[in-house]
Amino acid sequence: MPSLTITYEAFSALGDLTDEDRELLKLAEAALEHSYSPYSNFRVGAAARLADGQTVAGWNTENAAYPMCLCAEPAVLAAAAARAPGVPVVSLAVTVRSPRRIVDRPASPCGSCRQQLAEHEGRFRSKMRLILRGQTGPIYVFESASDLLPFGFSGGLL
Ligand code: THU
């Protein structure tokens, strides 16, 4: 029977990360402060490193009409596109804060975010490294955002 394996790295401490990954995670943490999340109170901060070395930050932005929430991941992709049109994002760090609990494991991007991250990789033919962390706990690193979306819908079918 066919089977699928997803490979990722799990680090137990920030000090185990590369300097670049740690720096990006710190930028994602700083971005939490700007989260506009008065309805869920759940903050998501993201930071992207572009292929030209620039970094940009993004965060979740909610709306009284709940389905219109903008997740931090597409927000940072849009910020990156506005900053440097045509330049791919090569790494993305994401972290979260909850008012209800200490989030002690990485928060994975939602399905819609995965689809958008995979589109970005396909469009630029470039892998996007994902660095995910909760408030505490392990840090997961995926070499490619598409690793989180096996059997995802692809524009190649259209
Ligand atoms: N959220 C994100 O920003 N990214 C995700 O991948 C999942 C969820 C936000 C949307 C909403 O503002 C809050 O987290 C709670 O769902």
Residue hits (region 21-53; part of a helix (DSSP H, G or I) and more than 13 Å from the ligand (Cβ to nearest atom)) are Asp21, Arg22, Glu23, Leu24, Leu25, Lys26, Leu27, Glu29, Ala30, Glu33
Taking Val56 as the residue in question, decide whether it is open to solvent by 20 Å² or more (accessible area, probe 1.4 Å), touching a Lys or Arg at 6+ places or on another chain (Cβ under 6 Å) and either within 14 Å of the ligand (Cβ to nearest atom) or in a strand (DSSP E or B) (or both).
no
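Within region 85-110, track down each residue that is buried (at least 16 other Cβ atoms within 10 Å of the Cβ), more than 14 Å from the ligand (Cβ to nearest atom) and not hydroxyl-bearing (Ser, Thr, Tyr). Break it down into steps so the answer makes sense when it comes.
Step one: list which residues in region 85-110 are buried (at least 16 other Cβ atoms within 10 Å of the Cβ), which gives 87-97, 103, 106-107, 109.
Now restrict to residues that are more than 14 Å from the ligand (Cβ to nearest atom): 87-91.
Correct list: Val87, Pro88, Val89, Val90.
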Could you list, in sequence order, the residues of region 77-118 that are without any contact (Cβ under 8 Å) to a residue 40 or more places away in the chain and closer than 23 Å to Glu9 by Cα?
Ile102, Val103, Asp104, Arg105, Pro106, Pro109, Cys110, Gly111, Arg114, Gln115, Ala118
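Might you let me know whether region 10-20 holds any residue that is of a type in the set (A, V, I, L, M) and either in a loop (DSSP other than H, G, I, E, B) or open to solvent by 90 Å² or more (accessible area, probe 1.4 Å) (or both)?
Pass one, region 10-20, residues of a type in the set (A, V, I, L, M): 10, 13-14, 17.
The next check asks that each one be either in a loop (DSSP other than H, G, I, E, B) or open to solvent by 90 Å² or more (accessible area, probe 1.4 Å) (or both); those that pass are 13, 17.
Checked region 10-20: at least one residue is of a type in the set (A, V, I, L, M) and either in a loop (DSSP other than H, G, I, E, B) or open to solvent by 90 Å² or more (accessible area, probe 1.4 Å) (or both).
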Taking first residues from region 125-138 that are touching a residue at least 12 places away in the same chain (Cβ under 8 Å) and open to solvent by 10 Å² or more (accessible area, probe 1.4 Å) and second residues anywhere that are of a type in the set (Gly, Ala, Ser) and part of a strand (DSSP E or B), the pairs with Cβ under 6 Å that are 6 or more apart or on different chains are Arg129/Ser91; Pro138/Ala10
Among Ser91, Ser146, the single one that is not in a strand (DSSP E or B) and not β-branched (Val, Ile, Thr) is Ser146
Does Pro67 satisfy the criteria of being open to solvent by 60 Å² or more (accessible area, probe 1.4 Å), over 14 Å from Ala31 (Cβ atoms) and assigned to a helix (DSSP H, G or I)?
yes
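The values are calculated or read from the model by the stated rules, or taken from the named source; none is laboratory data. All of these numbers come straight from a predicted model, not from anything done at the bench. Every residue, glycine as well, gets a Cβ built from its backbone with ideal geometry; the counts of neighbours run over all protein chains shown. The area values use the complete protein model at the heavy-atom level, side chains included, leaving out ligands, DNA and RNA. Shrake-Rupley method; radii C 1.70, N 1.55, O 1.52, S 1.80 Å.
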